[in-house]
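Notes follow once the structure below has been shown.
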Amino acid sequence: MPERGSGRRPVWVLPIAAAGLILLALALLKAWPNFAFHKQIPRLPDLTEKSPLLASEIKARDKAARAFPVGADKIGELGKVYQANAFAKEAESCYVAAARRSSKNPLWLYYLSYIRQQMGDAQGAEELLRQVILKAPDYAPARLKLADLGFKSGKAEEAKAAYLRLQDDQSVGPHAGLGLARIAMAENRWEEARTALEKALRLDPQFKPAYRMLAVVEDHFGMTEEAEILRERAGIERFSEAPDPWVDELAGACLDPKELMRLANIAFQTNRYERAFGLYKKALDIDPDNLENLLGVALMVFDSGNREAARPLFLKALTLRSDDELALYHIATIDFLAGRLDDARLTFEKLVEVNPQSVDGWLGLGDVAFKNRDFQGADAHYRKAQSINPQVSKVQYSMGRIETVRGNWRRALEYLEKASELDGRSADTWFSLGAILARQGRLDEAIASYKKALRENPEFGLAHYNLANALYRQGKLAEARSRYLRAIECDPDIAEAHLNLGTLLAREGDPAAARRHLETALSLALAQGNPGLEGDIRAEIKKLPSPR
């Protein structure tokens with residue numbers, strides 16, 4: 001045995017030390033991927049201009065992503081927060097790291113493809129989408145995006161096969177039909193394009209892009225009147241992407257009020273009102289005293305047609321700024337449209353008190369007086385607005401209304417023509433112009449005006465009705481019939497449309513259909529208390545052969 005103090009170690013120490021080194025090496029080898037992925041997580045961006053809530057969330061997600069063991073989902077979730085709040089570069093780095101860490105989850109590749117496509121890297125996005133489809137073959141939005149990219153890059157046959165697979169899908173089928181129609185039109189197969197578009201519209205009768213493209217097809221076949229009606233139905237609304245739950249999910253991670261407002265505006269412009277309202281509401285929840293956000297929500301609700309629901313939002317805006325002209329104007333307008341004329345007058349008076357140069361305020365007071373048949377008072381208010389700014393289209397339109405009531409057609413026409421020059425987007429102006437031109441027997445010009453009104457408001461039932469009357473007077477019975485049908489589709493309560501259509505159908509030799517419309521017209525006339533019209537309808541019914 002070695003003597004004490006000799007300096008020699010016991011022989012059993014060396015094997016233990018060696019084993020410890022081996023375990024340490026194994027631990028380091030096992031931990032090395034964590035170190036590698038840790039380095040791929042981007043540095044925190046500058047958050048000084050961001051809301052405390054967003055800055056706190058990003059820091060918390062960053063800390064979680066860096067904690068050992070590093071996991072793909074934690075890095076991916078950090079990427080979602082970055083992407084949702086407009087940090088695209090940082091999000092891209094996170095998704096690359098998450099996709100490398102986990103080969104099974106398609107979500108990070110999908111979000112990465114979305115970023116690449118936004119950056120203009122179509123080829124990179126296409127390659128990523130192919131990987132996504134391998135991992136999630138049933139996710140239709142990914143297949144649709146790949147088909148769209150394939151069509152744009154010249155892979156028509158591959159795109160067509162993908163569209164055919166998707167065209168019966170309730171969510172993306174209309175967009176797939178649009179893709180099939182594009183391919184068919186490019187290859188001069190017009191009937192095939194028509195079939196694809198009609199199928200898309202059966203899935204979604206409100207899918208405006210299909211109406212627009214179908215109008216091109218009908219033009220090709222020489223069906224000009226049908227094409228014109230289709231263009232009117234398409235309107236001018238912005239194209240909307242197909243529903244994509246994975247992309248929509250990103251909004252749940254957005255905590256930046258400005259970004260939420262931007263996303264909400266896009267959703268609103270593409271008629272996704274429920275999504276837009278949810279995003280606006282979230283922006284307000286984060287920053288409840290932000291007047292800009294509050295007005296944005298109120299305007300969105302107002303423009304979507306739910307005006308009464310917008311009223312309390314505008315009232316709340318007044319608690320933040322009592323003299324806000326936008327809020328005052330819309331509260332008064334809501335009351336006016338609801339028939340609360342005294343309330344509307346008081347608020348319009350408040351508006352011109354806040355700003356005596358408010359053209360909208362004076363026009364509003366004029367409209368209230370006009371509605372109350374106080375045409376002298378209306379004229380005074382309209383002239384006040386005219387003295388402030390005669391270059392406002394609605395000023396000229398309002399003066400035209402006054403001259404129309406007075407029966408001064410020449411002056412009314414001058415005002416309305418001036419209004420249309422100042423703003424060619426007012427359906428009411430074009431409609432009023434058409435009515436005066438038709439009264440003067442200038443039918444071609446009246447028809448052109450009505451069509452311009454319908455270009456701006458495709459669901460304007462009275463414009464369809466007046467256009468049908470003008471076409472009927474010109475002997476264009478088939479076109480008139482189409483317009484009467486559209487008028488009834490837009491507004492089933494226009495008794496005169498049913499009467500005139502019934503008369504036309506009787507003339508064309510279809511007494512059964514004529515009777516149906518004439519009896520509907522009679523029911524409406526009785527309900528509306530219109531004895532003069534009732535007599536005309538009964539006279540037309542008497543001309544019909546007795547029903548079998």
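The values are calculated or read from the model by the stated rules, or taken from the named source; none is laboratory data. Please read these numbers as outputs of a predicted model, since none were measured by experiment. All Cβ positions, even for glycine, are placed from backbone atoms using ideal geometry, and neighbour counts span all protein chains on display.
Miscellaneous remarks
- Residue check for Ala327: surrounded by 23 or more Cβ atoms within 10 Å (Cβ to Cβ) and either of a type in the set (Val, Ile, Thr) or closer than 25 Å to Leu291 by Cα (or both): yes
- Residue selection: Tyr280 satisfies the criterion of being modelled with pLDDT under 90 and either of a type outside the set (A, V, I, L, M, F, W, C) or assigned to a loop (DSSP other than H, G, I, E, B) (or both).
- Of the helices (runs of 4 or more DSSP H) entirely within the range 344-440, those holding at least 1 residues that are within 32 Å of the chain's Cα centre (by Cα) and surrounded by 15 or more Cβ atoms within 10 Å (Cβ to Cβ) occupy 359-371, 393-406, 409-422, 427-439.
- Taking first residues from the range 496-519 that are farther than 18 Å from Ala468 by Cα and partners that are modelled with pLDDT under 95 and in a loop (DSSP other than H, G, I, E, B), the Cβ contacts under 7 Å between residues at least 6 apart in sequence or on separate chains come to Pro511/Leu544; Pro511/Pro545; Arg515/Leu544; Arg515/Pro547.
- Criterion: at pLDDT 95 or above and of a type in the set (A, V, I, L, M) - qualifying residue of Val297, Val354: Val354
- The criterion of at least 2 residues that are surrounded by 15 or more Cβ atoms within 10 Å (Cβ to Cβ) and not hydrophobic (A, V, I, L, M, F, W, C) is met by the following helices (runs of 4 or more DSSP H) wholly inside the range 187-260: 190-203, 208-220, 224-234.
- Residue within the range 171-178 that is in contact with a helix residue (DSSP H, G or I) (Cβ under 7 Å, 6 or more places away or on another chain), modelled with pLDDT under 95 and not charged (D, E, K, R) present: yes
- Filtered by the rule that a residue be in contact with a helix residue (DSSP H, G or I) (Cβ under 6 Å, 6 or more places away or on another chain), surrounded by fewer than 23 Cβ atoms within 10 Å (Cβ to Cβ) and of a type in the set (Gly, Ala, Ser), the range 85-114 gives Ala86, Ala88, Ser102.
- Note on the range 152-174: residues that are of a type outside the set (A, V, I, L, M) and part of a helix (DSSP H, G or I) total 8.
- From the list Asp62, Asp46, the one residue that fits, being modelled with pLDDT of 55 or more, of a type in the set (Asp, Glu) and surrounded by 10 or more Cβ atoms within 10 Å (Cβ to Cβ), is Asp62.
- For the range 284-314, taking the residues that are in contact (Cβ under 8 Å) with a residue 12 or more places away in the chain and in a loop (DSSP other than H, G, I, E, B), the one that is surrounded by the fewest Cβ atoms within 10 Å (Cβ to Cβ) is identified as Asp289.
- Boolean, Ala438 is farther than 23 Å from Asn372 by Cα, touching a Gly at 6+ places or on another chain (Cβ under 6 Å) and of a type in the set (Gly, Ala, Ser): no
- The set of residues in the range 502-548 being of a type in the set (S, T, N, Q), over 25 Å from Gly475 (Cα atoms) and either in a helix (DSSP H, G or I) or under 38 Å from the mean Cα position of the chain (by Cα) (or both) consists of Ser523, Gln528.
- Leading residue by the ranking (farthest from Leu328 (Cα to Cα)) among those in the range 261-297 that are under 15 Å from the mean Cα position of the chain (by Cα) and among the β-branched types (Val, Ile, Thr): Thr270
- Single unsatisfied condition, Phe268 versus (1) at pLDDT below 85; (2) assigned to a loop (DSSP other than H, G, I, E, B): (2)
- Every pair of residues 6+ apart whose Cβ atoms lie under 6 Å, when the first sits in the range 382-393 and is free of Cβ contacts under 8 Å to residues at least 60 places away in the same chain and under 12 Å from Leu365 (Cβ atoms) while the second is assigned to a helix (DSSP H, G or I) and among the β-branched types (Val, Ile, Thr): Ala385/Val359; Ala385/Val395
- Residue in the range 416-427 that is out of contact with any Phe, Trp or Tyr (no Cβ under 9 Å at 6 or more places or on another chain), without any contact (Cβ under 8 Å) to a residue 12 or more places away in the chain and under 30 Å from Gly377 (Cα atoms) present: yes
- All positions within the range 181-208 that are in contact with an Asp or Glu (Cβ under 9 Å, 6 or more places away or on another chain), under 24 Å from Arg272 (Cβ atoms) and not charged (D, E, K, R): Ala181, Leu203
- Flag if Lys135 is touching a helix residue (DSSP H, G or I) at 6+ places or on another chain (Cβ under 8 Å) and more than 22 Å from Ala210 (Cα to Cα): yes
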